Amino acid sequence: MRPRRSHAAYHMRTAASPSMGDPPTGKLSVSRFKTLAPGPVRTQLVTGTSKSKHRRRMASLSVPPVLTSPRHDAIALHRAFKGFGCDSTTVINILAHRDAVQRGLIMQEYRAIYHQDLYHRLSTELSGNHKKAMLLWVLDPVGRDATILNQSLNGDIADLRAATEVICSRTPSQLQIMKQAYRARFGCYLEQDVTERTYGDHQKLLLAYLGIPRYEGPEVDPSAAARDARELYRAGEKRLGTDERAFIRVFTERSWAHLAAVADAYHHLYARSLDKAVKSETSGTFELGLLTILRCAESPARYFAKALHKAMKGLGTSDTTLIRVVVTRAEVDMQYIKAEYHKKYKRSLADAIHSETSGNYRTFLLSLVGRDR
């Protein structure tokens, strides 16, 4: 069964970055599921390029070399739900070790066999943070981002930090697909909800970032980057007050590669980091949006490693952030995030998660993050 391209390619169409993959070439190879249950052998089409292999190395998701069929997995999950309580170990062993395409096929088989939606069955069988994490995980990547945004913008208390992170850390091609999914799932335009829940310069930044197409390649014009650096300096540190429009224009119209070059040029010209300039010239959610864009342009892995550290440091844990980052990055660049985390905080991410979580919630997150290499 061939997956829908828009969903399967969602995290493949990314800006050139040391922690982001390139688009697939479209060449396909066929791999077969091992069939352990009665029925025909089922086939899965997967992209078969060296770049996709590189991307899989960046992901922390561990998939068995020989897979059982989606039908067999669906039957095993149904058995795990039967009786008193839920066999969470079986649920984790299956779903935490299947990629997005495989999970989609399992959900299709479950619905075909039992005339039930696996998502809703999981919501009745699981509880707490384990339930929250699993329900996000079983969604396809584009549907997951759309769901996170809808929950962040339309919850009883709006989580503008989460909404800002998702919007400002995704590439233009990902955002275009996400907007389509948002409209299809929730019956309204994402821009409409952003307009109703945000205000001021933060709103202008998010709407511009959602609406303006940006180049996603690695090429950069150094002279253009230097001009942008000078423009930002004149709009901020050189004057009294801040010309927020200049910051919005540069941060929403330039590619990640270009913006990283602007940051380098800014430091070279003024012996001061652009990151610090943003902090001194802006505040609140507007500052958060600018910093998210800038830091993801420079290194998405370093940005998400810092987000995970903040979620777990001090008293208590921000489980919402921990779940969001682990679930959305496990199939993208978690290996790089783990390396950045260990480099900066001198401990493994798995060890930090182990100390801050417990039970099936801990087991599930650690299954996604994987062992340190």
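Points to keep in mind about this one:
- Unmet requirement for R324, which otherwise passes all of (1) part of a helix (DSSP H, G or I); (2) open to solvent by less than 10 Å² (accessible area, probe 1.4 Å): (2)
- Any hit, region 57-73, residues being among the basic types (K, R), more than 21 Å from E331 (Cα to Cα), part of a helix (DSSP H, G or I) and open to solvent by less than 50 Å² (accessible area, probe 1.4 Å): no
- Some residue of region 207-219 being within 20 Å of C168 (Cβ to Cβ) and in contact with a Leu (Cβ under 8 Å, 6 or more places away or on another chain): yes
- Here S280 meets the list (1) part of a helix (DSSP H, G or I); (2) touching a helix residue (DSSP H, G or I) at 6+ places or on another chain (Cβ under 9 Å) almost entirely, failing just condition (2).
- Test for E216: is it surrounded by fewer than 22 Cβ atoms within 10 Å (Cβ to Cβ), within 30 Å of R183 (Cα to Cα) and outside the structural domain of R329 (by the TED database): yes
- Condition broken by Y199, with the remaining ones in (1) in contact (Cβ under 8 Å) with a residue 60 or more places away in the chain; (2) under 19 Å from L149 (Cβ atoms) satisfied: (1)
- When restricted to residues that are assigned to a loop (DSSP other than H, G, I, E, B) and either touching a Cys at 6+ places or on another chain (Cβ under 9 Å) or within 15 Å of K204 (Cα to Cα) (or both), region 155-174 contains 2.
- Scanning region 303-321 for residues that are hydroxyl-bearing (S, T, Y) and surrounded by fewer than 22 Cβ atoms within 10 Å (Cβ to Cβ), we see that the one that is farthest from A260 (Cα to Cα) is T317.
- Among the residues making up region 91-120, those that are touching a Leu at 6+ places or on another chain (Cβ under 8 Å) and either in a helix (DSSP H, G or I) or without any contact (Cβ under 8 Å) to a residue 24 or more places away in the chain (or both) are V91, I94, L95, Q102, R103, I106, M107, Y110, R111, L118, Y119.
- Residues of region 97-108 classified as closer than 18 Å to Y361 by Cα and open to solvent by 30 Å² or more (accessible area, probe 1.4 Å), total: 1
- When region 112-134 is filtered for residues that are open to solvent by 50 Å² or more (accessible area, probe 1.4 Å) and polar (S, T, N, Q), the ones remaining, listed by number, are Q116, T124, S127.
- For region 256-277, the tally of residues that are in contact (Cβ under 8 Å) with a residue 40 or more places away in the chain and open to solvent by less than 10 Å² (accessible area, probe 1.4 Å) stands at 2.
Here's the yes/no breakdown for (1) closer than 30 Å to L67 by Cα; (2) among the aromatic types (F, W, Y); (3) open to solvent by less than 60 Å² (accessible area, probe 1.4 Å):
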{"position": "L95", "(1), (2), (3)": "yes, no, yes"}
{"position": "Y110", "(1), (2), (3)": "yes, yes, yes"}
{"position": "L136", "(1), (2), (3)": "yes, no, yes"}
{"position": "D140", "(1), (2), (3)": "yes, no, yes"}
{"position": "R144", "(1), (2), (3)": "yes, no, yes"}
{"position": "A163", "(1), (2), (3)": "no, no, yes"}
{"position": "S173", "(1), (2), (3)": "no, no, yes"}
{"position": "C188", "(1), (2), (3)": "no, no, yes"}
{"position": "T198", "(1), (2), (3)": "no, no, yes"}
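- Positions within region 146-161 being open to solvent by less than 30 Å² (accessible area, probe 1.4 Å) and either in the same structural domain as T321 (by the TED database) or touching a residue at least 60 places away in the same chain (Cβ under 8 Å) (or both), in sequence order: I148
The values are calculated or read from the model by the stated rules, or taken from the named source; none is laboratory data. Remember, it's a predicted structure, so these values are computed and weren't measured experimentally. All Cβ positions, glycine included, derive from the backbone under ideal geometry; neighbour counts span all protein chains shown. Note: accessible area is taken over every heavy atom of the protein model, side chains too, but ligands, DNA and RNA are not part of it. Shrake-Rupley method; radii C 1.70, N 1.55, O 1.52, S 1.80 Å.
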